[in-house]
1. Take the stretch B:238-264 and flag every residue that is of a type outside the set (A, V, I, L, M, F, W, C) and loosely packed, with under 15 Cβ neighbours inside 10 Å.
2. Does the stretch B:212-224 contain any residue that is of a type outside the set (G, A, S), open to solvent by less than 40 Å² (accessible area, probe 1.4 Å) and either modelled with pLDDT of 85 or more or within 30 Å of A:T223 (Cα to Cα) (or both)?
3. Looking only at the stretch A:231-249, which residues are more than 7 Å from chain B (Cβ to nearest Cβ) and not hydrophobic (A, V, I, L, M, F, W, C)?
4. Quick check on my filter: what residues within the stretch A:142-186 are of a type outside the set (A, V, I, L, M, F, W, C), over 20 Å from A:I255 (Cβ atoms) and buried (at least 18 other Cβ atoms within 10 Å of the Cβ)?
5. I need the full set of residues from the stretch B:265-282 which are open to solvent by less than 20 Å² (accessible area, probe 1.4 Å) and either free of Cβ contacts under 8 Å to residues at least 60 places away in the same chain or within 21 Å of B:F156 (Cα to Cα) (or both), in order please.
6. Taking the stated definitions as given, is B:S163 more than 10 Å from chain A (Cβ to nearest Cβ) and modelled with pLDDT under 85?
7. Can you name the residue in the stretch A:208-233 that is part of a helix (DSSP H, G or I) and out of contact with any Leu (no Cβ under 8 Å at 6 or more places or on another chain) and, of all such residues, is surrounded by the fewest Cβ atoms within 10 Å (Cβ to Cβ)?
8. Which of the residues that make up the stretch B:23-44 are open to solvent by less than 20 Å² (accessible area, probe 1.4 Å) and either facing another protein chain (nearest Cβ under 7 Å) or in contact with a Phe, Trp or Tyr (Cβ under 6 Å, 6 or more places away or on another chain) (or both)?
Amino acid sequence: MNRLSFGWALPTYSVVLYAFLYLPIVVIVLFAFDAKSIPGLPLEGFTTDWFAASLGDARLVGSLLTSIRLALLAAVLSTALAMPAAMVLAWRPVRMKSLVLCLVLGPVVLPQLVLGLGLVVLFRAAPDLVGQPAIVLAHTTMTSSYATLMLYSRFLGFRRSYIEAAMNLGANEFVTFREIILPLIAPALIAVLLLAFTDAFGEFVVAWFLAGFTETLPIAIWTSLRQVISPKIYALSAVVILVTLAVSVSAQIWILGQSRRESEP
Amino acid sequence: MAMPGSPRRRTSLTALLPTAGLLPLVLWQIVFFVVPVALIVGLSVWRRENYRLIPDFTFNNYAAILARPAIWRALLLSAETAAFVTVVCAVLAYPVAYFIAKKAGRWRGLLLVAVIAPFWVSIVMRVAAWRLLLGERGVINQMIMALGLTDEPLSFLLYSPVSTAIGLIYAYLPLYVLPLYAAISNIHDSWIDAAMDLNASPARTFFEVILPLSAPGLVVGAVFCFVFGLGEFVTPALLGGGKQLMFSQVIQDEFQRRLDWPSGAAMAVVLLVLVFASLALSMKWIRRASGEAA
(Lines give C-alpha, C1' and ligand atoms only; values in the text may rest on other atoms or scores of the structure.)
Protein backbone atom coordinates (compact mmCIF):
# COMPACT_ATOMS: atom_id res chain seq x y z
CA MET A 1 0.00 0.00 0.00
CA ASN A 2 1.23 3.48 -0.81
CA ARG A 3 0.80 6.74 1.04
CA LEU A 4 -1.47 8.34 -1.56
CA SER A 5 -4.78 8.26 0.22
CA PHE A 6 -8.15 9.56 -0.84
CA GLY A 7 -9.61 9.07 2.61
CA TRP A 8 -13.10 7.66 2.66
CA ALA A 9 -13.90 8.70 -0.90
CA LEU A 10 -12.49 5.56 -2.50
CA PRO A 11 -14.15 2.93 -0.28
CA THR A 12 -17.46 4.81 -0.34
CA TYR A 13 -17.39 5.08 -4.12
CA SER A 14 -16.54 1.39 -4.40
CA VAL A 15 -19.53 0.44 -2.26
CA VAL A 16 -21.82 2.50 -4.54
CA LEU A 17 -20.35 0.86 -7.64
CA TYR A 18 -20.78 -2.64 -6.23
CA ALA A 19 -24.38 -1.71 -5.41
CA PHE A 20 -24.86 -0.68 -9.05
CA LEU A 21 -23.38 -3.99 -10.25
CA TYR A 22 -25.69 -6.05 -8.05
CA LEU A 23 -28.80 -3.85 -8.30
CA PRO A 24 -30.39 -5.72 -11.28
CA ILE A 25 -29.75 -9.06 -9.60
CA VAL A 26 -31.33 -7.91 -6.35
CA VAL A 27 -34.33 -6.55 -8.25
CA ILE A 28 -34.94 -9.87 -10.05
CA VAL A 29 -34.73 -11.84 -6.80
CA LEU A 30 -37.03 -9.32 -5.09
CA PHE A 31 -39.72 -9.49 -7.76
CA ALA A 32 -39.54 -13.29 -7.78
CA PHE A 33 -41.04 -13.17 -4.26
CA ASP A 34 -43.64 -10.46 -4.96
CA ALA A 35 -47.29 -11.45 -4.90
CA LYS A 36 -48.45 -9.21 -7.80
CA SER A 37 -48.81 -10.85 -11.18
CA ILE A 38 -47.54 -7.80 -13.05
CA PRO A 39 -44.20 -6.88 -11.49
CA GLY A 40 -43.77 -3.33 -10.24
CA LEU A 41 -43.32 -1.21 -7.14
CA PRO A 42 -44.55 -1.10 -4.43
CA LEU A 43 -44.01 -4.73 -3.44
CA GLU A 44 -47.25 -6.26 -2.25
CA GLY A 45 -46.50 -9.14 -0.02
CA PHE A 46 -44.31 -12.13 0.04
CA THR A 47 -44.97 -15.37 -1.80
CA THR A 48 -43.04 -18.36 -3.05
CA ASP A 49 -45.84 -19.38 -5.41
CA TRP A 50 -43.98 -18.20 -8.51
CA PHE A 51 -41.22 -20.72 -7.89
CA ALA A 52 -43.76 -23.54 -7.84
CA ALA A 53 -45.48 -22.05 -10.89
CA SER A 54 -42.24 -21.90 -12.88
CA LEU A 55 -41.46 -25.52 -12.03
CA GLY A 56 -44.97 -26.43 -13.21
CA ASP A 57 -44.44 -24.72 -16.56
CA ALA A 58 -43.39 -27.60 -18.81
CA ARG A 59 -42.13 -25.34 -21.58
CA LEU A 60 -39.98 -23.27 -19.25
CA VAL A 61 -38.52 -26.30 -17.47
CA GLY A 62 -37.94 -27.97 -20.84
CA SER A 63 -35.93 -25.00 -22.06
CA LEU A 64 -33.92 -25.01 -18.84
CA LEU A 65 -33.07 -28.70 -19.26
CA THR A 66 -32.18 -28.16 -22.93
CA SER A 67 -29.85 -25.33 -21.93
CA ILE A 68 -28.17 -27.45 -19.26
CA ARG A 69 -27.68 -30.37 -21.64
CA LEU A 70 -26.30 -28.29 -24.51
CA ALA A 71 -24.02 -26.24 -22.24
CA LEU A 72 -22.62 -29.41 -20.66
CA LEU A 73 -21.74 -30.78 -24.10
CA ALA A 74 -20.16 -27.50 -25.20
CA ALA A 75 -18.15 -27.21 -21.97
CA VAL A 76 -16.74 -30.74 -22.24
CA LEU A 77 -15.98 -30.39 -25.95
CA SER A 78 -14.29 -27.00 -25.62
CA THR A 79 -12.19 -28.10 -22.64
CA ALA A 80 -11.14 -31.23 -24.51
CA LEU A 81 -10.09 -29.10 -27.49
CA ALA A 82 -8.45 -26.41 -25.35
CA MET A 83 -6.35 -28.51 -22.98
CA PRO A 84 -3.91 -30.17 -25.41
CA ALA A 85 -3.70 -26.98 -27.47
CA ALA A 86 -2.94 -24.82 -24.42
CA MET A 87 -0.27 -27.31 -23.31
CA VAL A 88 1.47 -27.19 -26.67
CA LEU A 89 1.22 -23.40 -26.94
CA ALA A 90 2.68 -22.90 -23.46
CA TRP A 91 5.44 -25.49 -23.53
CA ARG A 92 6.55 -26.05 -27.10
CA PRO A 93 7.99 -23.80 -29.73
CA VAL A 94 5.15 -23.42 -32.22
CA ARG A 95 5.64 -22.25 -35.77
CA MET A 96 3.46 -19.27 -36.68
CA LYS A 97 2.40 -18.99 -33.06
CA SER A 98 0.85 -15.55 -33.49
CA LEU A 99 -1.28 -16.84 -36.36
CA VAL A 100 -2.45 -19.76 -34.23
CA LEU A 101 -3.24 -17.40 -31.35
CA CYS A 102 -5.25 -15.15 -33.69
CA LEU A 103 -7.19 -18.16 -34.86
CA VAL A 104 -7.87 -19.29 -31.31
CA LEU A 105 -8.75 -15.87 -29.88
CA GLY A 106 -10.58 -14.49 -32.91
CA PRO A 107 -14.06 -15.52 -31.72
CA VAL A 108 -13.60 -13.34 -28.61
CA VAL A 109 -13.44 -10.07 -30.56
CA LEU A 110 -15.66 -11.09 -33.47
CA PRO A 111 -19.14 -9.58 -33.00
CA GLN A 112 -21.43 -12.45 -31.99
CA LEU A 113 -23.93 -11.23 -34.54
CA VAL A 114 -21.44 -11.76 -37.39
CA LEU A 115 -20.41 -15.21 -36.12
CA GLY A 116 -24.06 -16.16 -35.79
CA LEU A 117 -24.97 -15.04 -39.30
CA GLY A 118 -21.87 -16.71 -40.75
CA LEU A 119 -22.84 -19.96 -39.07
CA VAL A 120 -26.39 -19.62 -40.42
CA VAL A 121 -24.90 -19.48 -43.92
CA LEU A 122 -22.55 -22.40 -43.14
CA PHE A 123 -25.34 -24.61 -41.83
CA ARG A 124 -27.30 -24.07 -45.04
CA ALA A 125 -24.92 -26.77 -46.29
CA ALA A 126 -26.02 -29.09 -43.48
CA PRO A 127 -29.63 -28.22 -42.62
CA ASP A 128 -30.03 -31.37 -40.54
CA LEU A 129 -27.64 -29.95 -37.96
CA VAL A 130 -29.69 -26.79 -37.35
CA GLY A 131 -31.08 -26.86 -33.83
CA GLN A 132 -29.34 -28.53 -30.93
CA PRO A 133 -26.19 -29.83 -32.75
CA ALA A 134 -25.55 -26.41 -34.35
CA ILE A 135 -25.91 -24.65 -30.99
CA VAL A 136 -23.38 -27.01 -29.37
CA LEU A 137 -20.92 -26.58 -32.24
CA ALA A 138 -21.23 -22.78 -32.13
CA HIS A 139 -20.91 -22.54 -28.35
CA THR A 140 -17.89 -24.83 -28.39
CA THR A 141 -16.23 -22.45 -30.86
CA MET A 142 -16.89 -19.48 -28.58
CA THR A 143 -16.02 -21.07 -25.23
CA SER A 144 -12.90 -22.86 -26.45
CA SER A 145 -11.26 -19.45 -26.94
CA TYR A 146 -11.70 -18.51 -23.28
CA ALA A 147 -10.84 -22.04 -22.18
CA THR A 148 -7.59 -22.06 -24.17
CA LEU A 149 -6.62 -18.63 -22.85
CA MET A 150 -7.22 -19.59 -19.20
CA LEU A 151 -5.47 -22.98 -19.48
CA TYR A 152 -2.60 -21.39 -21.44
CA SER A 153 -1.82 -18.99 -18.59
CA ARG A 154 -2.17 -21.87 -16.12
CA PHE A 155 0.33 -24.00 -18.08
CA LEU A 156 2.75 -21.07 -18.37
CA GLY A 157 2.90 -20.89 -14.57
CA PHE A 158 3.28 -24.66 -14.21
CA ARG A 159 6.55 -25.83 -12.63
CA ARG A 160 8.28 -27.66 -15.44
CA SER A 161 10.76 -29.12 -12.94
CA TYR A 162 8.08 -31.60 -11.79
CA ILE A 163 7.88 -32.96 -15.31
CA GLU A 164 11.63 -33.13 -15.70
CA ALA A 165 11.92 -34.94 -12.37
CA ALA A 166 9.33 -37.52 -13.43
CA MET A 167 10.99 -38.04 -16.80
CA ASN A 168 14.42 -38.35 -15.18
CA LEU A 169 12.98 -41.09 -12.99
CA GLY A 170 12.03 -42.98 -16.13
CA ALA A 171 8.40 -42.02 -16.69
CA ASN A 172 7.41 -41.61 -20.31
CA GLU A 173 5.17 -38.80 -21.62
CA PHE A 174 1.94 -40.62 -20.96
CA VAL A 175 2.78 -41.69 -17.44
CA THR A 176 4.04 -38.17 -16.68
CA PHE A 177 0.83 -36.72 -18.02
CA ARG A 178 -1.41 -39.09 -16.06
CA GLU A 179 0.51 -39.08 -12.79
CA ILE A 180 1.95 -35.55 -12.61
CA ILE A 181 0.35 -33.05 -14.97
CA LEU A 182 -3.29 -34.14 -14.77
CA PRO A 183 -3.58 -34.19 -10.96
CA LEU A 184 -1.84 -30.81 -10.70
CA ILE A 185 -4.01 -29.03 -13.23
CA ALA A 186 -7.25 -30.82 -12.33
CA PRO A 187 -8.59 -27.85 -10.30
CA ALA A 188 -7.91 -25.45 -13.18
CA LEU A 189 -9.53 -27.90 -15.56
CA ILE A 190 -12.68 -28.08 -13.43
CA ALA A 191 -12.76 -24.30 -13.09
CA VAL A 192 -12.49 -23.91 -16.87
CA LEU A 193 -15.25 -26.49 -17.37
CA LEU A 194 -17.52 -24.57 -15.01
CA LEU A 195 -16.85 -21.20 -16.65
CA ALA A 196 -17.31 -22.64 -20.15
CA PHE A 197 -20.58 -24.16 -19.00
CA THR A 198 -21.75 -20.82 -17.56
CA ASP A 199 -20.80 -18.98 -20.73
CA ALA A 200 -22.52 -21.44 -23.07
CA PHE A 201 -25.57 -21.64 -20.80
CA GLY A 202 -26.22 -17.92 -20.96
CA GLU A 203 -25.29 -17.20 -24.58
CA PHE A 204 -28.22 -15.92 -26.59
CA VAL A 205 -27.47 -14.31 -29.98
CA VAL A 206 -25.75 -17.17 -31.80
CA ALA A 207 -28.05 -19.80 -30.27
CA TRP A 208 -31.09 -17.79 -31.38
CA PHE A 209 -29.91 -17.70 -35.00
CA LEU A 210 -29.19 -21.43 -35.10
CA ALA A 211 -32.03 -22.66 -32.90
CA GLY A 212 -34.58 -23.85 -35.46
CA PHE A 213 -37.33 -25.14 -33.18
CA THR A 214 -34.99 -25.59 -30.21
CA GLU A 215 -35.70 -23.41 -27.19
CA THR A 216 -32.91 -22.71 -24.72
CA LEU A 217 -33.63 -20.77 -21.53
CA PRO A 218 -32.22 -17.45 -22.84
CA ILE A 219 -34.36 -17.89 -25.97
CA ALA A 220 -37.46 -18.63 -23.85
CA ILE A 221 -36.82 -15.48 -21.78
CA TRP A 222 -36.25 -13.41 -24.93
CA THR A 223 -39.58 -14.64 -26.33
CA SER A 224 -41.41 -13.85 -23.09
CA LEU A 225 -39.85 -10.37 -22.98
CA ARG A 226 -41.91 -9.50 -26.04
CA GLN A 227 -45.09 -9.77 -23.94
CA VAL A 228 -45.87 -8.83 -20.34
CA ILE A 229 -43.48 -10.95 -18.34
CA SER A 230 -44.89 -13.40 -15.86
CA PRO A 231 -43.17 -13.41 -12.44
CA LYS A 232 -42.56 -17.11 -13.13
CA ILE A 233 -39.73 -16.00 -15.38
CA TYR A 234 -38.22 -13.93 -12.59
CA ALA A 235 -38.52 -16.80 -10.15
CA LEU A 236 -36.68 -19.18 -12.45
CA SER A 237 -34.16 -16.48 -13.39
CA ALA A 238 -33.50 -15.75 -9.71
CA VAL A 239 -32.62 -19.39 -9.08
CA VAL A 240 -30.47 -19.61 -12.22
CA ILE A 241 -28.68 -16.34 -11.41
CA LEU A 242 -27.84 -17.39 -7.86
CA VAL A 243 -26.53 -20.75 -9.09
CA THR A 244 -24.54 -18.99 -11.85
CA LEU A 245 -23.00 -16.58 -9.34
CA ALA A 246 -22.12 -19.39 -6.95
CA VAL A 247 -20.56 -21.48 -9.72
CA SER A 248 -18.57 -18.68 -11.36
CA VAL A 249 -17.36 -17.19 -8.07
CA SER A 250 -16.17 -20.53 -6.71
CA ALA A 251 -14.50 -21.39 -10.03
CA GLN A 252 -12.65 -18.07 -10.09
CA ILE A 253 -11.62 -18.24 -6.45
CA TRP A 254 -10.34 -21.72 -7.18
CA ILE A 255 -8.20 -20.43 -10.06
CA LEU A 256 -7.00 -17.54 -7.91
CA GLY A 257 -5.97 -19.78 -4.99
CA GLN A 258 -4.27 -22.16 -7.36
CA SER A 259 -2.13 -19.53 -9.05
CA ARG A 260 -1.25 -17.98 -5.68
CA ARG A 261 -0.05 -21.32 -4.33
CA GLU A 262 2.06 -21.87 -7.44
CA SER A 263 3.68 -18.45 -7.30
CA GLU A 264 4.67 -18.78 -3.65
CA PRO A 265 8.29 -19.88 -3.27
CA MET B 1 17.07 -34.32 -23.30
CA ALA B 2 18.70 -37.68 -22.65
CA MET B 3 16.10 -40.20 -21.73
CA PRO B 4 15.89 -43.95 -21.33
CA GLY B 5 14.05 -46.00 -23.87
CA SER B 6 14.56 -46.22 -27.58
CA PRO B 7 15.68 -42.75 -28.64
CA ARG B 8 14.41 -42.80 -32.20
CA ARG B 9 10.81 -43.71 -31.40
CA ARG B 10 10.76 -41.15 -28.65
CA THR B 11 11.94 -38.30 -30.89
CA SER B 12 9.39 -39.05 -33.58
CA LEU B 13 6.66 -39.28 -30.95
CA THR B 14 7.66 -36.01 -29.27
CA ALA B 15 7.87 -34.36 -32.67
CA LEU B 16 4.33 -35.43 -33.43
CA LEU B 17 2.78 -34.43 -30.11
CA PRO B 18 2.65 -30.64 -30.65
CA THR B 19 0.85 -31.08 -33.95
CA ALA B 20 -1.53 -33.63 -32.49
CA GLY B 21 -2.32 -31.31 -29.58
CA LEU B 22 -2.96 -28.21 -31.65
CA LEU B 23 -4.58 -29.75 -34.71
CA PRO B 24 -8.09 -30.45 -33.34
CA LEU B 25 -8.57 -26.91 -32.02
CA VAL B 26 -7.07 -25.27 -35.11
CA LEU B 27 -9.23 -27.36 -37.46
CA TRP B 28 -12.31 -26.64 -35.35
CA GLN B 29 -11.70 -22.90 -35.41
CA ILE B 30 -11.09 -22.97 -39.17
CA VAL B 31 -14.39 -24.76 -39.83
CA PHE B 32 -16.60 -22.90 -37.34
CA PHE B 33 -14.90 -19.49 -37.19
CA VAL B 34 -12.80 -18.76 -40.30
CA VAL B 35 -15.17 -20.38 -42.80
CA PRO B 36 -18.31 -18.58 -41.51
CA VAL B 37 -16.51 -15.22 -41.65
CA ALA B 38 -15.22 -16.04 -45.14
CA LEU B 39 -18.75 -17.00 -46.20
CA ILE B 40 -20.06 -13.63 -45.04
CA VAL B 41 -17.30 -11.82 -46.93
CA GLY B 42 -17.98 -13.95 -50.01
CA LEU B 43 -21.72 -13.44 -49.82
CA SER B 44 -21.26 -9.67 -49.70
CA VAL B 45 -20.12 -9.65 -53.35
CA TRP B 46 -22.93 -11.88 -54.61
CA ARG B 47 -26.19 -10.51 -55.90
CA ARG B 48 -29.82 -11.32 -55.30
CA GLU B 49 -32.42 -11.68 -58.00
CA ASN B 50 -36.03 -12.66 -57.33
CA TYR B 51 -35.10 -13.83 -53.82
CA ARG B 52 -32.38 -16.12 -55.18
CA LEU B 53 -28.68 -15.81 -54.45
CA ILE B 54 -26.49 -15.64 -57.53
CA PRO B 55 -22.70 -15.99 -57.36
CA ASP B 56 -21.02 -12.86 -58.64
CA PHE B 57 -18.20 -10.48 -57.94
CA THR B 58 -19.80 -7.10 -57.56
CA PHE B 59 -19.44 -4.21 -55.15
CA ASN B 60 -22.98 -3.06 -55.86
CA ASN B 61 -24.17 -4.21 -52.43
CA TYR B 62 -21.64 -1.92 -50.77
CA ALA B 63 -22.58 0.98 -53.03
CA ALA B 64 -26.27 0.36 -52.32
CA ILE B 65 -25.98 0.18 -48.53
CA LEU B 66 -23.66 3.18 -48.32
CA ALA B 67 -26.21 5.18 -50.31
CA ARG B 68 -28.91 4.53 -47.69
CA PRO B 69 -29.10 7.35 -45.11
CA ALA B 70 -30.62 4.94 -42.56
CA ILE B 71 -27.43 2.89 -42.63
CA TRP B 72 -25.29 5.93 -41.88
CA ARG B 73 -27.65 6.98 -39.07
CA ALA B 74 -27.44 3.51 -37.51
CA LEU B 75 -23.68 3.38 -37.93
CA LEU B 76 -23.28 6.80 -36.35
CA LEU B 77 -25.60 5.90 -33.46
CA SER B 78 -23.65 2.69 -32.83
CA ALA B 79 -20.29 4.45 -32.91
CA GLU B 80 -21.51 7.29 -30.69
CA THR B 81 -23.08 4.92 -28.19
CA ALA B 82 -19.99 2.69 -28.12
CA ALA B 83 -17.69 5.70 -27.63
CA PHE B 84 -19.90 7.19 -24.90
CA VAL B 85 -20.14 3.84 -23.10
CA THR B 86 -16.36 3.41 -23.32
CA VAL B 87 -15.64 6.81 -21.75
CA VAL B 88 -18.20 6.37 -18.96
CA CYS B 89 -16.93 2.85 -18.22
CA ALA B 90 -13.34 4.13 -17.99
CA VAL B 91 -14.32 6.88 -15.54
CA LEU B 92 -16.51 4.58 -13.43
CA ALA B 93 -14.09 1.64 -13.45
CA TYR B 94 -10.87 3.50 -12.69
CA PRO B 95 -11.41 4.34 -8.98
CA VAL B 96 -12.64 0.81 -8.23
CA ALA B 97 -9.71 -0.78 -10.06
CA TYR B 98 -7.36 1.50 -8.09
CA PHE B 99 -9.09 0.65 -4.83
CA ILE B 100 -8.89 -3.11 -5.45
CA ALA B 101 -5.28 -3.00 -6.66
CA LYS B 102 -3.83 -0.64 -4.06
CA LYS B 103 -6.08 -0.30 -1.03
CA ALA B 104 -8.01 -3.54 -0.59
CA GLY B 105 -5.19 -5.51 1.03
CA ARG B 106 -6.02 -9.18 1.40
CA TRP B 107 -9.55 -8.68 0.09
CA ARG B 108 -8.40 -7.88 -3.42
CA GLY B 109 -8.92 -11.38 -4.84
CA LEU B 110 -12.46 -11.58 -3.54
CA LEU B 111 -13.35 -8.02 -4.59
CA LEU B 112 -12.03 -8.64 -8.09
CA VAL B 113 -14.08 -11.82 -8.42
CA ALA B 114 -17.14 -9.95 -7.13
CA VAL B 115 -16.74 -7.32 -9.86
CA ILE B 116 -16.63 -9.93 -12.62
CA ALA B 117 -19.33 -12.25 -11.24
CA PRO B 118 -22.38 -10.39 -12.67
CA PHE B 119 -20.73 -10.65 -16.10
CA TRP B 120 -21.34 -14.41 -16.06
CA VAL B 121 -25.10 -14.02 -15.65
CA SER B 122 -26.87 -14.48 -18.98
CA ILE B 123 -27.12 -11.20 -20.89
CA VAL B 124 -30.83 -11.77 -21.51
CA MET B 125 -31.53 -11.95 -17.77
CA ARG B 126 -29.47 -8.85 -17.04
CA VAL B 127 -31.33 -6.93 -19.71
CA ALA B 128 -34.68 -8.23 -18.38
CA ALA B 129 -33.71 -6.80 -14.99
CA TRP B 130 -32.96 -3.40 -16.54
CA ARG B 131 -36.42 -3.37 -18.06
CA LEU B 132 -37.83 -3.72 -14.54
CA LEU B 133 -35.63 -0.88 -13.37
CA LEU B 134 -36.06 1.59 -16.22
CA GLY B 135 -39.71 1.23 -17.27
CA GLU B 136 -42.30 4.03 -16.92
CA ARG B 137 -43.63 2.20 -13.85
CA GLY B 138 -40.20 0.76 -13.12
CA VAL B 139 -38.20 0.87 -9.92
CA ILE B 140 -36.16 3.97 -10.74
CA ASN B 141 -39.14 6.08 -11.86
CA GLN B 142 -41.16 5.03 -8.81
CA MET B 143 -38.30 6.03 -6.55
CA ILE B 144 -37.77 9.39 -8.23
CA MET B 145 -41.51 10.12 -7.96
CA ALA B 146 -41.65 8.96 -4.35
CA LEU B 147 -38.83 11.36 -3.57
CA GLY B 148 -40.87 14.11 -5.18
CA LEU B 149 -38.21 14.97 -7.76
CA THR B 150 -40.74 14.76 -10.59
CA ASP B 151 -44.49 14.33 -10.97
CA GLU B 152 -44.44 12.35 -14.17
CA PRO B 153 -42.33 9.29 -14.92
CA LEU B 154 -39.25 9.94 -17.03
CA SER B 155 -40.23 8.27 -20.28
CA PHE B 156 -36.81 8.52 -21.91
CA LEU B 157 -35.38 5.99 -19.44
CA LEU B 158 -36.68 2.96 -21.33
CA TYR B 159 -36.80 2.31 -25.08
CA SER B 160 -34.30 4.98 -26.07
CA PRO B 161 -30.57 5.20 -26.80
CA VAL B 162 -30.24 6.28 -23.14
CA SER B 163 -31.45 2.90 -21.88
CA THR B 164 -29.21 1.09 -24.38
CA ALA B 165 -26.25 3.07 -23.05
CA ILE B 166 -27.13 2.27 -19.43
CA GLY B 167 -27.46 -1.42 -20.26
CA LEU B 168 -24.13 -1.45 -22.08
CA ILE B 169 -22.30 0.45 -19.33
CA TYR B 170 -23.60 -2.10 -16.87
CA ALA B 171 -22.55 -4.99 -19.11
CA TYR B 172 -19.01 -3.78 -19.89
CA LEU B 173 -17.98 -2.25 -16.57
CA PRO B 174 -16.53 -5.55 -15.27
CA LEU B 175 -14.59 -5.94 -18.54
CA TYR B 176 -13.00 -2.54 -18.01
CA VAL B 177 -12.05 -3.13 -14.37
CA LEU B 178 -9.95 -6.20 -15.25
CA PRO B 179 -7.26 -4.64 -17.50
CA LEU B 180 -7.19 -1.48 -15.34
CA TYR B 181 -6.62 -3.59 -12.25
CA ALA B 182 -3.78 -5.44 -13.99
CA ALA B 183 -2.13 -2.19 -15.09
CA ILE B 184 -2.51 -0.40 -11.74
CA SER B 185 -1.21 -3.30 -9.66
CA ASN B 186 1.94 -3.22 -11.82
CA ILE B 187 2.71 0.31 -10.57
CA HIS B 188 5.18 0.14 -7.71
CA ASP B 189 4.02 1.79 -4.51
CA SER B 190 7.50 3.23 -4.12
CA TRP B 191 7.05 5.28 -7.30
CA ILE B 192 3.88 6.80 -5.90
CA ASP B 193 5.54 7.42 -2.54
CA ALA B 194 8.53 8.99 -4.30
CA ALA B 195 6.26 11.51 -6.00
CA MET B 196 4.63 12.30 -2.65
CA ASP B 197 8.06 12.66 -1.01
CA LEU B 198 8.95 15.22 -3.65
CA ASN B 199 5.93 17.25 -2.51
CA ALA B 200 3.66 16.47 -5.45
CA SER B 201 0.03 17.06 -4.56
CA PRO B 202 -2.27 13.99 -4.68
CA ALA B 203 -3.79 15.33 -7.91
CA ARG B 204 -0.38 15.84 -9.49
CA THR B 205 0.80 12.41 -8.33
CA PHE B 206 -2.26 10.92 -9.95
CA PHE B 207 -2.09 12.80 -13.25
CA GLU B 208 1.69 12.65 -13.72
CA VAL B 209 2.60 9.25 -12.27
CA ILE B 210 -0.34 6.89 -11.85
CA LEU B 211 -2.44 7.78 -14.89
CA PRO B 212 0.37 7.58 -17.49
CA LEU B 213 1.61 4.30 -16.02
CA SER B 214 -1.84 2.76 -16.19
CA ALA B 215 -2.37 3.86 -19.81
CA PRO B 216 -1.98 0.32 -21.24
CA GLY B 217 -4.88 -0.87 -19.08
CA LEU B 218 -6.98 2.10 -20.16
CA VAL B 219 -6.33 1.34 -23.83
CA VAL B 220 -7.01 -2.39 -23.60
CA GLY B 221 -10.24 -1.80 -21.69
CA ALA B 222 -11.31 0.90 -24.14
CA VAL B 223 -10.76 -1.36 -27.14
CA PHE B 224 -12.84 -4.17 -25.67
CA CYS B 225 -15.63 -1.80 -24.63
CA PHE B 226 -15.72 -0.07 -27.99
CA VAL B 227 -15.47 -3.21 -30.11
CA PHE B 228 -18.13 -5.06 -28.12
CA GLY B 229 -20.32 -1.96 -28.04
CA LEU B 230 -20.20 -1.56 -31.83
CA GLY B 231 -21.49 -5.08 -32.46
CA GLU B 232 -23.80 -5.53 -29.48
CA PHE B 233 -27.23 -6.81 -30.40
CA VAL B 234 -29.25 -8.01 -27.39
CA THR B 235 -29.12 -4.83 -25.31
CA PRO B 236 -30.27 -2.38 -28.03
CA ALA B 237 -32.87 -4.89 -29.26
CA LEU B 238 -34.49 -5.23 -25.83
CA LEU B 239 -33.87 -1.77 -24.35
CA GLY B 240 -33.53 0.48 -27.40
CA GLY B 241 -37.21 0.50 -28.33
CA GLY B 242 -36.84 0.10 -32.08
CA LYS B 243 -37.31 3.74 -33.12
CA GLN B 244 -33.63 4.51 -33.46
CA LEU B 245 -31.89 1.39 -34.67
CA MET B 246 -28.28 0.51 -33.95
CA PHE B 247 -26.12 -0.94 -36.71
CA SER B 248 -26.34 -4.52 -35.42
CA GLN B 249 -30.14 -4.32 -35.47
CA VAL B 250 -30.12 -3.10 -39.08
CA ILE B 251 -27.88 -6.04 -40.05
CA GLN B 252 -30.15 -8.54 -38.30
CA ASP B 253 -33.22 -6.94 -39.93
CA GLU B 254 -31.64 -7.14 -43.38
CA PHE B 255 -30.85 -10.83 -42.90
CA GLN B 256 -33.93 -12.10 -41.15
CA ARG B 257 -36.82 -9.85 -42.13
CA ARG B 258 -35.86 -8.45 -45.53
CA LEU B 259 -33.99 -11.70 -46.32
CA ASP B 260 -31.45 -9.76 -48.36
CA TRP B 261 -28.39 -11.76 -47.42
CA PRO B 262 -25.89 -10.09 -49.78
CA SER B 263 -26.68 -6.59 -48.46
CA GLY B 264 -26.73 -7.87 -44.89
CA ALA B 265 -23.37 -9.52 -45.47
CA ALA B 266 -21.96 -6.28 -46.88
CA MET B 267 -23.09 -4.48 -43.71
CA ALA B 268 -21.52 -7.20 -41.57
CA VAL B 269 -18.25 -6.71 -43.46
CA VAL B 270 -18.40 -2.95 -42.75
CA LEU B 271 -18.81 -3.81 -39.05
CA LEU B 272 -15.86 -6.24 -39.24
CA VAL B 273 -13.66 -3.61 -40.89
CA LEU B 274 -14.47 -1.14 -38.09
CA VAL B 275 -13.74 -3.76 -35.43
CA PHE B 276 -10.41 -4.73 -36.94
CA ALA B 277 -9.42 -1.12 -37.54
CA SER B 278 -9.98 -0.36 -33.83
CA LEU B 279 -8.01 -3.45 -32.84
CA ALA B 280 -5.13 -2.67 -35.21
CA LEU B 281 -4.98 0.95 -34.04
CA SER B 282 -4.76 -0.03 -30.39
CA MET B 283 -2.20 -2.77 -31.09
CA LYS B 284 -0.05 -0.22 -32.83
CA TRP B 285 -0.37 2.14 -29.87
CA ILE B 286 0.45 -0.58 -27.34
CA ARG B 287 3.46 -1.72 -29.36
CA ARG B 288 4.76 1.84 -29.59
CA ALA B 289 4.16 2.50 -25.89
CA SER B 290 5.90 -0.70 -24.80
CA GLY B 291 8.72 0.05 -27.25
CA GLU B 292 9.23 3.42 -25.59
CA ALA B 293 9.18 1.89 -22.15
CA ALA B 294 11.84 -0.68 -23.06
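1. Once the filter is applied, which keeps residues that are of a type outside the set (A, V, I, L, M, F, W, C) and loosely packed, with under 15 Cβ neighbours inside 10 Å, the stretch B:238-264 yields B:G242, B:K243, B:Q256, B:R257, B:R258.
2. yes
3. Result: A:P231, A:K232, A:Y234.
4. A:T176
5. B:L271, B:V275
6. No.
7. Across the stretch A:208-233, the extreme among qualifying residues is A:T223.
8. Listed by number, the residues that qualify are B:L25, B:Q29, B:P36, B:I40, B:L43.
The values are calculated or read from the model by the stated rules, or taken from the named source; none is laboratory data. Note that this is a predicted model, so its numbers are computed, not measured. As a convention, Cβ positions derive from the backbone with ideal geometry for all residues, glycine included, and neighbour counts pool all protein chains shown. Ligands, DNA and RNA are excluded from the accessible area calculation, which covers all protein heavy atoms including side chains. Shrake-Rupley method; radii C 1.70, N 1.55, O 1.52, S 1.80 Å.
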